[in-house]
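What follows is a single structure, written as structure tokens, with notes after it.
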Amino acid sequence: MAYTVKIGGADKTSLVKARTLLMKLDADYRDSCDFTVITTVAGFLPLAGMPVTVEDNSVTVFSGQIQNAPTTKISTIDGSSTKIMVRIEAVAHYQIAYRRYANAAYASVTAGDIVTDLHTDFLAGEGISIGYIGAGADIGEYDARGRAVGSVLDSLASSSGYKWYITHNKELYFQQDGTVVDADNDIDETGLFTDFRNVQKQEELELYRNRQIIKGASFDDGTRIEFVQENAAEITARAAIEGGTGIHENVESDDSVTTLEDAETLADNLLKKYGTVPISIEFQSFTMAWRPGTRLLVYLPSLGIATNRYFLIETVNIRDLGGTLLTATIKASSRDEMNFSTQMRDNYISYFRKLLDSEKKAIARSSEYTNSVRARIEEEILKFNEHLSGALGYYSTIITNPDDSRIAYQHDQPTLAASTYISCVPEPGTFAWTNTGWNAGSPSWNYGYTQDGNAVFRLLSTVGINADWINAGSIDTNVIYVGDETLTTALANMQTQISELASGSGNFIRNSNFGTYENPYDTFWGEGLTWDLLESRNMDWDTLEASITDWNELESGDF
């Protein structure tokens with residue numbers, strides 16, 4: 001392979017460091033290409049987003065954009081070198097669809113209609129043209145808002161049994177299968193072509209199924225699209241090998257499938273893709289003509305493939321071994337010769353992504369079903385209220401609020417505006433009523449909840465109240481108790497003490513232990529000493545201290 005590397009449209013092959021080129025190519029054009037260039041900022045600086053093309057004798061084998069370009073300075077002993085080493089990490093054009101996000105919902109369209117709309121709104125401006133867009137499945141409802149365009153394409157392709165890809169030439173395809181093209185060489189151990197080595201074979205049952213069950217959209221009447229398709233010959237073959245029934249079942253749940261015809265198409269395509277026990281082979285070759293997506297004939301009796309079998313080349317990895325020497329590692333999986341599928345089998349990442357999407361859809365279906373049941377119950381309650389109102393001689397009016405909730409009002413006149421008595425149940429377990437009329441839509445409710453969520457009660461008994469504010473108006477202090485006294489009495493006593501202290505008429509001293517003012521006659525004074533007697537001594541404090549030797553002297557007044 002005489003490869004050419006172009007960056008930004010210019011040939012930069014001479015800058016590519018030997019033994020660093022690595023390309024991973026697959027049948028859905030989800031390719032990547034990594035290599036290192038030695039350059040200078042003044043000479044050429046690769047930047048993220050620049051287009052990258054790798055050609056083999058003028059035939060494009062990779063085309064995409066730089067995703068990452070980490071740069072390292074190549075230092076000499078004194079650090080004066082201006083050379084830099086840039087590791088180029090590029091991915092193919094499919095990534096464009098994952099960096100744009102859809103913003104529309106659809107109803108009663110085909111999957112192809114949605115794909116066309118996505119192309120017009122998001123991909124055409126990125127230079128992507130239409131190669132082919134098939135009709136795909138009929139879509140009842142599909143909400144693409146806030147989802148990556150690539151994820152929407154994945155979902156629509158899954159529902160339709162299709163695949164989608166963007167080619168090297170930036171053409172968008174959305175179709176069941178591409179044109180089957182034979183590989184340039186066969187892997188035949190008795191043939192003339194012998195440039196294949198290290199051949200490995202593997203059989204696996206992870207994604208195999210011979211009975212496919214499709215569960216599609218659910219409808220308001222409780223029914224759901226369901227379809228079963230099976231491959232009787234495969235079931236018989238597996239039973240002979242395994243014993244038992246030989247049945248391998250798989251369930252695909254997809255709300256986008258709205259008709260039995262689409263369910264049958266999806267089941268057929270999944271059996272076409274996974275309905276035979278896959279034999280995968282991997283081998284290496286110095287020949288560079290291998291292309292993903294082509295049909296490979298394999299005859300290897302020494303590995304148990306004793307008849308001609310057809311395989312789809314799914315991936316080709318190309319590595320530079322130095323200079324012009326390249327090696328390719330090819331992976332291919334078996335297909336039904338009579339019903340050859342060019343669709344790649346899911347890898348574990350894509351398989352579990354689909355499984356996760358399926359679980360998300362199941363949760364959404366459950367939520368939608370719960371909401372629909374609740375809506376039907378509310379509807380029946382409203383109807384019951386109407387009948388009950390009629391039986392009691394009242395009129396009934398249903399009003400829809402801005403949040404789409406509905407409230408049924410019972411009233412004593414034909415219209416709410418003319419009514420005096422009005423009642424309603426704003427929330428289950430609540431009740432509100434008024435006998436002062438509609439008041440232009442703002443009734444004065446008595447005892448209950450208003451439509452604004454305000455509670456109106458005569459008596460509230462509770463353990464506690466948490467509130468940002470309380471507007472209590474005027475409060476009667478005779479009905480609030482502090483201990484065994486009313487708040488009125490407690491406040492009056494406090495005011496008396498404060499007044500006596502302020503005037504000096506109160507015979508009180510400070511009790512520092514309790515922070516109160518107390519009458520000394522009621523606390524610690526003995527019979528021998530009275531407050532008047534202490535005052536009449538007319539001594540200064542130093543004389544008083546000098547005259548008292550112990551507490552008994554103080555109490556007896558003998559000083």
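The values are calculated or read from the model by the stated rules, or taken from the named source; none is laboratory data. Computed from a prediction, not measured in an experiment: that's the story for all the values here. Here Cβ is always computed from backbone atoms with ideal geometry, including for glycine, and neighbour counts include all displayed protein chains.
Residues of the range 296-344 that are of a type in the set (Asp, Glu) and touching a Leu at 6+ places or on another chain (Cβ under 6 Å): Asp320 alone.
Conditions tested, residue by residue: (1) at pLDDT 90 or above; (2) of a type in the set (Ser, Thr, Tyr); (3) in the same structural domain as Arg291 (by TED's automatic domain parsing); (4) closer than 30 Å to Ile225 by Cβ.
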{"site": "Gly127", "(1), (2), (3), (4)": "yes, no, no, no"}
{"site": "Gly131", "(1), (2), (3), (4)": "yes, no, no, no"}
{"site": "Ala148", "(1), (2), (3), (4)": "yes, no, no, yes"}
{"site": "Thr194", "(1), (2), (3), (4)": "yes, yes, yes, no"}
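For first residues located in the range 174-189 and closer than 22 Å to Ile281 by Cα, partners that are of a type in the set (Asp, Glu) and outside any strand (DSSP E or B) and lie 6+ apart or on another chain with Cβ distances below 8 Å form the pairs Asn185/Asp195. Residues in the range 1-17 that are in a strand (DSSP E or B), of a type in the set (Val, Ile, Thr) and out of contact with any helix residue (DSSP H, G or I) (no Cβ under 9 Å at 6 or more places or on another chain): Val16 only. Does the range 20-39 hold any residues that are hydrophobic (A, V, I, L, M, F, W, C) and farther than 16 Å from Tyr3 by Cβ, and which are they? Across the range 20-39, the qualifying residues are Ala27, Ile38.
Could you tell me how many of the residues in the range 394-434 are part of a strand (DSSP E or B) and of a type outside the set (Gly, Ala, Ser)?
From the range 394-434, those part of a strand (DSSP E or B) are 395-400, 406-411, 422-424, 432-434; that's our starting set.
Those still in the list that are of a type outside the set (Gly, Ala, Ser) too: 395, 397-400, 406-407, 409-411, 422, 424, 433-434.
Of the residues in the range 394-434, 14 are part of a strand (DSSP E or B) and of a type outside the set (Gly, Ala, Ser).
For the range 43-64, the criterion of being of a type in the set (A, V, I, L, M), in contact (Cβ under 8 Å) with a residue 12 or more places away in the chain, surrounded by 16 or more Cβ atoms within 10 Å (Cβ to Cβ) and over 29 Å from Ala97 (Cβ atoms) is met by none of the residues. Does Ala111 count as surrounded by 15 or more Cβ atoms within 10 Å (Cβ to Cβ) and closer than 15 Å to Ile318 by Cα? No; evaluated as a whole, the condition is false for this residue. Applying a threshold of 9 Å to beta carbon distances and a minimum spacing of six or more residues, or different chains, the list of pairs starting in the range 328-339 at a residue that is surrounded by fewer than 16 Cβ atoms within 10 Å (Cβ to Cβ) and ending at one that is aliphatic (A, V, I, L, M) reads Asn339/Leu271.
Is one or more of the residues making up the range 250-266 hydrophobic (A, V, I, L, M, F, W, C) and closer than 24 Å to Asp186 by Cβ? Looking for residues that are hydrophobic (A, V, I, L, M, F, W, C) and closer than 24 Å to Asp186 by Cβ, one finds none in the range 250-266, hence no. Meeting the requirement of 1 or more residues that are farther than 15 Å from Ala27 by Cα and modelled with pLDDT under 85, the strands (runs of 3 or more DSSP E) wholly within the range 253-333 are 305-322. The criterion of at least 3 residues that are surrounded by 13 or more Cβ atoms within 10 Å (Cβ to Cβ) is met, among strands (runs of 3 or more DSSP E) falling completely within the range 140-240, by 163-166, 171-175, 211-218, 224-230.
Is there a residue in the range 287-310 that is touching a strand residue (DSSP E or B) at 6+ places or on another chain (Cβ under 9 Å), free of Cβ contacts under 8 Å to residues at least 24 places away in the same chain and among the small types (Gly, Ala, Ser)? Yes, that holds for at least one residue. The selection criterion, being within 18 Å of Ala137 (Cα to Cα), touching a residue at least 40 places away in the same chain (Cβ under 8 Å) and not assigned by TED's automatic domain parsing to the domain that holds Thr60, holds for Gly216.
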